[in-house]
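Readers should treat all values here as calculations from the given coordinates under stated rules, not as data from a laboratory. What you are looking at is a predicted structure, and each value in this text was computed from that prediction instead of being measured.
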């Protein structure tokens, strides 16, 4: 990657919450590990069942997360600027559990698994700071999911008792 492009990418990435705890020099190193990609509305960014080998940061636009074969199903989630997906690929490349489709013109920053592995060797502090932030986000997602499951369980109990 050309150094000038890395600086421009670093300036864009510096605004992303995942990298908020990093210095500009650390963001620059992160920027050199990946590349910007642009997707148009309706275009798949990743496809369920394909190899998940990269982390994606949403920089602009929006994307919908779909699970299952039907492309017209209601999205499981909507991702906006400042969010990310593909974090499981940090551990190891594995089959994608969902399709992520751009709903607007969407700019993402893609960091391949191998580049993250190299970053770990070159600057473990950068990856450590990023991983701590990812864990916090995953923890919040899990709490939100647990809350939703609890609400569904209470609704189910109420419906069952009202039918008696």
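Just a few scattered comments:
- Stretch gain in nm, segment residue 118-residue 92, where the contour uses 0.36 nm per residue and the Cα spacing is subtracted: 8.0 nm
- With Cα atoms, 0 to 90° folded angle of helix 3-13 axis to the chain main axis: 30 degrees
- Normalised contact order of the chain, rounded percent, pairs of Cα under 8 Å and 6 or more residues apart: 27 percent
- Using alpha-carbon coordinates, inclination of helix 113-122 to the longest axis of the chain, degrees: 50 degrees
- Ellipticity estimate at 222 nm from DSSP helix runs (n ≥ 4, -39,500 (n - 2.57)) divided over the chain, nearest 500: -14000 deg cm²/dmol
- Pair-distance profile P(r), taking every C-alpha pair of the range 16-91, with 10 angstrom steps and integer %: 15, 48, 28, 8, 1
- Gyration tensor verdict on the range 50-121 (Cα atoms; rounded if a/c is under 1.5, prolate if a/b is larger than b/c, oblate otherwise): oblate
- Percent of Cα pairs in the range 36-162 per distance bin of 10 Å, from zero to the largest separation: 12, 36, 33, 14, 5, 1, 0.
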